[in-house]
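Undergrad: Pasting in a structure now, in structure tokens, and then I'll have a few things to ask.
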Amino acid sequence: MRINEPNRIGMINAYNKSGNTQVGKSGKIPMGKDKVDISTEALEMQKQVEDPNSPQRREKVDQLKKQVEEGSYRVSSEKIAEKLLSFWKKL
């Protein structure tokens, strides 16, 4: 039975090499900077979204709230079906 394997020393050396990090003058290890990349599709979607605080949107929301409270708000079943189909076709 052999206790001392020849590769064991190589593993110890690998750990010693990774421990040698460059320390700056402040005594801290320098860290990389975070970076965020936004796809062109996401930027396009962001442009399509209306500003939630715009007067036109506020007026539309108030009008819809009023219709819901009065019970006069109706949605066409055909429009619902079209939206559902377009959603499932995208998947």
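The values are calculated or read from the model by the stated rules, or taken from the named source; none is laboratory data. All values reported here derive from a predicted model rather than from experimental measurement. Using ideal geometry, Cβ is built from the backbone for each residue, glycine included, and neighbour counts are taken over all protein chains shown. Calculation scope for accessible area: heavy atoms of the full protein, side chains included, ligands and nucleic acids excluded. Shrake-Rupley method; radii C 1.70, N 1.55, O 1.52, S 1.80 Å.
Undergrad: Pairs under 8 Å by beta carbon, first residue without any contact (Cβ under 8 Å) to a residue 40 or more places away in the chain in region 46-62, partner open to solvent by less than 100 Å² (accessible area, probe 1.4 Å) and assigned to a loop (DSSP other than H, G, I, E, B), six or more apart or different chains?
TA: Arg57/Asp51
Undergrad: Which one is modelled with the lowest pLDDT, of the residues in region 39-91 that are surrounded by 10 or more Cβ atoms within 10 Å (Cβ to Cβ) and of a type in the set (S, T, N, Q)?
TA: Checking each candidate, the answer is Ser54.
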